[in-house]
């Protein structure tokens, strides 16, 4: 099996002023956000920016016919990932 290519998530950085938004998180997602903050040391803003960039990247890849696979390096077992 060939080695997967590494792909940059953000194709370019916009040269415009940042946009501020207000969102309401479900309790479960708020817990996930706090857990990610603790484990990564990233700010809420950084985590939300990364999540949106990742979602944008994957939806564009799916639209172009690509699939997302996760592989366990220990067993070589793979799983096809679907985003709803």
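Where a number appears in this text, it was derived from the coordinates with a stated rule and is not lab data. All figures in this text were calculated on a predicted structure; none of them were measured in a lab. Please note: Cβ atoms are built from the backbone with ideal geometry, for glycine as well, and neighbour counts cover all protein chains shown.
Overview of values
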quantity: Residues that are under 16 Å from residue 51 (Cβ atoms) and part of a helix (DSSP H, G or I), drawn from region 14-33; calculated: 28, 29, 30, 31, 32, 33
quantity: Members of region 60-84 that are part of a helix (DSSP H, G or I) and either more than 17 Å from the chain's Cα centre (by Cα) or loosely packed, with under 11 Cβ neighbours inside 10 Å (or both); calculated: 63
